[in-house]
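Below is one structure, written out as structure tokens; the observations come after it.
The values are calculated or read from the model by the stated rules, or taken from the named source; none is laboratory data. A quick note: this is a predicted structure, and the numbers were derived from the prediction, not measured. No Cβ is skipped: glycine too gets one built from the backbone with ideal geometry, and neighbour counts run over all protein chains shown. SASA here: full protein model, heavy atoms, side chains in, ligands and nucleic acids out. Shrake-Rupley method; radii C 1.70, N 1.55, O 1.52, S 1.80 Å.
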Amino acid sequence: MDWPYDFVIAKSNYRNISSQYLGAVSTSLSTAKWFINIPHLRELNPRGFKDDPELQYRQKYAKLLSKLDPYEVVNKAKQSVYERAIKRGYSDDAAGKVIPVLLCWCQPSQFCHRHLVADWIEKETGMYVPEVRTLGDKLVTVKRKKVPCDVSHSQGSLF
């Protein structure tokens, strides 16, 4: 079977991912009660500053991320979901294809630490980390809302 995705790790919120999805990984201080025994990357928790104003939050979260290795974070997420899949009876090959999805409570359009994590991973590793949701047993990327074009913008000549 060909690899159906152009990413190896993704992000979402608890509402957009089925609780049956094996790749679910919590990054929040608390995990949705309908997700049972999912891996938790506590090192990504915004502990102690989650209610700070956005500017201070960004600064503190950047400091937190600066102490981590993005490759180690991705590998830890992948290893956690791999082990979970193996425990559920998946073959080695099938378990290796389960994509970790970093989860928290925030809506896709809200400012959120999972977006900061994804931006950090993308910047530091070049990996694409899309916002996804489950559709049956597949992951689909969530389209970002387009910001309206500035009315003063005009298209230059193409010729």
So how do 10-16, 63-69, 21-27 stack up, highest first, on mean other-Cβ count within 10 Å?
21-27, 10-16, 63-69
Overall dimensions of the chain by Cα: Rg and Dmax, Å:
17.3, 60
Taking only C-alpha pairs under 8 Å that are 6+ residues apart, what is the relative contact order of the chain in percent?
36 percent
Using DSSP to define loop residues, name the trypsin sites (Lys or Arg not before Pro) in the stretch 84-130 whose beta-carbon has at most 14 other beta-carbon atoms within 10 Å.
Arg88
With 22 Å as the limit, write out which pairs from Lys33/Lys63; Lys60/Lys123; Lys78/Lys143; Lys67/Lys97; Lys67/Lys138 have Cα-Cα distances beyond it, or answer none.
Lys33/Lys63; Lys78/Lys143; Lys67/Lys97; Lys67/Lys138
Heavy-atom accessible area with a 1.4 angstrom probe orders Trp105, Trp120, most exposed first, as Trp105, Trp120
At R0 = 35 Å, FRET efficiency that the Cβ-Cβ distance of Gln56 and Tyr5 yields, to 0.05
0.50
Enter the Cα centre distance for the pair the stretch 3-26 and the stretch 105-130, rounded to the nearest angstrom.
13 Å
Can you give the angle from 0 to 90° between the axis of helix 70-87 and the longest principal axis of the chain, with both taken from C-alpha atoms, to the nearest 10?
40 degrees
Given Asn45, Leu65, Val81, which one lies farthest toward the positive end of the charge dipole of the stretch 1-96, if we put +1 on the Cβ of every Lys and Arg and -1 on the Cβ of every Asp and Glu?
Asn45
On a 0 to 90° scale, report how tilted helix 113-125 is relative to the longest principal axis of the chain, with both axes built from alpha carbons and the result rounded to the nearest 10.
90 degrees
Helix 54-66 vs. the chain, principal-axis angle (Cα, 0 to 90°, nearest 10)
50 degrees
